[in-house]
Amino acid sequence: MDGTDWFWWFDARDSDLAREVLQRGIAALYLIAFVSTLNQFRVLLGERGLLPVPDLLDAVRATERRMHEREARLGEKVGPLRRTRRRGYLGPTVFRRWGYSDAKLVGVAVVGVVLAASVVVGLPQLGPPWLPMLVFLAMWGLYLSIASVGQTFYGFGWEMLLCEAGFLVAFLGSREVPPPLLIIVLVWWLVFRLEFGAGMIKIRGDRAWRDLTALYYHHETQPMPGPLSRQAHLLPKWFHRFEVLGNHFAQLVVPFLLFAPQPVRTVAAAVIIATQLWLVITGNFAWLNWITIVLAFGAVGDTAVQWLLPWLPLDAIEAPADAASPRWWIAIVLLVTALILWLSRHPLMNLFSKRQLMNASFDRFMLVNAYGAFGSVTRQRVEVIVEGTADDPRDPSAEWREYGFKGKPGDAKRIPRQFAPYHLRLDWLMWFLPLGRIEENWFLRFLEKLLEADAATLKLLAHDPFRGERPTAVRARTELYTFATRDEHRRTGDVWVRHPLGTAIPPISLRPTHRD
């Protein structure tokens, strides 16, 4: 008997299309993420950025040096485990060894773009199973290097989700071998943690999720509304309560059905995909919804697709009927499966913990993480309005002009645009300012860049009221934003109604103002 006969169960013969969607879909999102990095990282985190990476690396090295000096003085011995824990806040990154420069960042991102594009068009999938594996592992390593030094601008759950998904789909193989069943099941496990974790964080969190009123507010107060968010907000309250019930069903019940036999598993995936599409058309959540859709497709069977779409030529992507997974490939998949199962113990316990963590990584490589979103719902939308003036800021008659952002609400008449799955990092963090400290270091540095009329920073904005010229002073105010009712919109054409609240940061200048 051939040794591989012991692994007759190893091949998922009904998942060729699922593998194709997983590989190309995750690669497409990596492509978007690397392009987003090329367009924004240097301005936000580069050598002259708002939170420069070189400063972060210098701080890490200084901290480690002080630790080693203290331990040498006290005669303590530093073990590998303790050293790893102390470095835990800075994940693995090529910039620790190579040093950071904007040119190196561009090189990392460009390589990532090329690799991701090759998978999107299907080139590595035509080779042996180790070829797409190496390409995905390279993308995972490059993006992990970026996210590890991205600080607050990369502190979102979908960053670690992209890393975890990229590592996992690396072991789906190529068309020379059937999809490995174990990796397909681990994809279901990832979707389960993603959805069930989000459902549990809501049930344990804000009572608005329990009394079914959360969607009375969410469409209006979400970080970055989309073109249809206002229409969704204005739907009747009974519909919003139905939305919450549907959300609870999709996140707390349906994930268990991902492990059921076909066709139940495909139906469960369809429910998750449908709910995610509703979120896509009613908001902008970077690639969170899109990656969930791609991963959920991992539970869709080829037989179900052929029944629904009989004209689809699945034979073009199927592994040969007589193809068998080689022993070395089986060994790699078994080792990866054992690793993922071992690392899953902490996220599993977290799902049922009374102190459930949201969007947390339990290992430095972001391989198996805990997820969740909107455990609490913001009831009011407070926006930070950034303004500048060319006049003396102490003059009561000074003209203050507003800077316009690409995704953040500003002009009352402007319909929110659809940006997802592209991620506008500056605009997203602007939403968090009123919820925490308005004097965040990065925001104060951002105001300084506006005073300098820094061209790179101004490119992140939709409107510079000074057309590249330096303002005399800038300030930050807060305003309450509410969606215009249908009557208000008919009368004024406004999408938003703005209510001034106060001054968050008084006028600041780089140079002395004119004195009489």
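The values are calculated or read from the model by the stated rules, or taken from the named source; none is laboratory data. Everything numeric in this text was worked out from a predicted model, so none of it was measured. Cβ atoms come from the backbone with ideal geometry, glycine included; neighbour counts cover every protein chain shown.
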Query raised in the report: Exactly one of (1) in contact with a Lys or Arg (Cβ under 8 Å, 6 or more places away or on another chain); (2) more than 30 Å from Leu228 (Cβ to Cβ); (3) not basic (Lys, Arg) is unmet by Gly468. Its number?
Result: (1)
**Report entry** Residue count for segment 72-113, restricted to those that are more than 21 Å from Leu137 (Cβ to Cβ), in contact with a helix residue (DSSP H, G or I) (Cβ under 8 Å, 6 or more places away or on another chain), modelled with pLDDT of 95 or more and part of a helix (DSSP H, G or I)
**Finding:** 2
Report summary line: Listed by range, helices (runs of 4 or more DSSP H) wholly within segment 202-266 having at least 2 residues that are over 30 Å from Lys413 (Cβ atoms) and out of contact with any Pro (no Cβ under 7 Å at 6 or more places or on another chain) are 207-210, 237-252, 254-257
Query - Per-region count, segment 214-245, residues loosely packed, with under 15 Cβ neighbours inside 10 Å and within 15 Å of Gln276 (Cα to Cα) - result: 1
Report summary line: Scanning segment 341-370 for residues that are in a loop (DSSP other than H, G, I, E, B) and either small (Gly, Ala, Ser) or touching a Phe, Trp or Tyr at 6+ places or on another chain (Cβ under 9 Å) (or both), the one farthest from Asp206 (Cα to Cα) turns out to be Phe365
**Report entry** Residues that are buried (at least 24 other Cβ atoms within 10 Å of the Cβ) and in a helix (DSSP H, G or I), drawn from segment 165-182
**Finding:** Ala165, Gly166, Leu168, Val169
Report summary line: Here the qualifying pairs (Cβ atoms under 9 Å; residues six or more apart or on different chains; first in segment 246-265 and assigned by TED's automatic domain parsing to the domain that holds Met200; second among the small types (Gly, Ala, Ser) and loosely packed, with under 14 Cβ neighbours inside 10 Å) come out as Ala250/Ala274
Query raised in the report: What are the residue pairs meeting all of these: first residue in segment 289-316, first residue under 26 Å from Leu161 (Cβ atoms), second residue aromatic (Phe, Trp, Tyr) and assigned to a helix (DSSP H, G or I), Cβ atoms under 8 Å, and 6 or more apart or on different chains?
Result: Ile291/Trp158; Gly298/Trp188; Ala299/Trp188
Report summary line: Those residues of segment 134-156 which are aliphatic (A, V, I, L, M) and buried (at least 21 other Cβ atoms within 10 Å of the Cβ) amount to Val135, Met139, Leu142, Leu144, Ile146, Ala147, Val149
Report summary line: Among strands (runs of 3 or more DSSP E) completely within segment 397-510, the ones holding 3 or more residues that are in contact with a His (Cβ under 8 Å, 6 or more places away or on another chain) and either touching a residue at least 40 places away in the same chain (Cβ under 8 Å) or surrounded by fewer than 18 Cβ atoms within 10 Å (Cβ to Cβ) (or both) are 473-483
Query raised in the report: Out of all the residues in segment 51-62, is one or more outside any loop (DSSP other than H, G, I, E, B), at pLDDT below 85 and surrounded by fewer than 14 Cβ atoms within 10 Å (Cβ to Cβ)?
Result: no
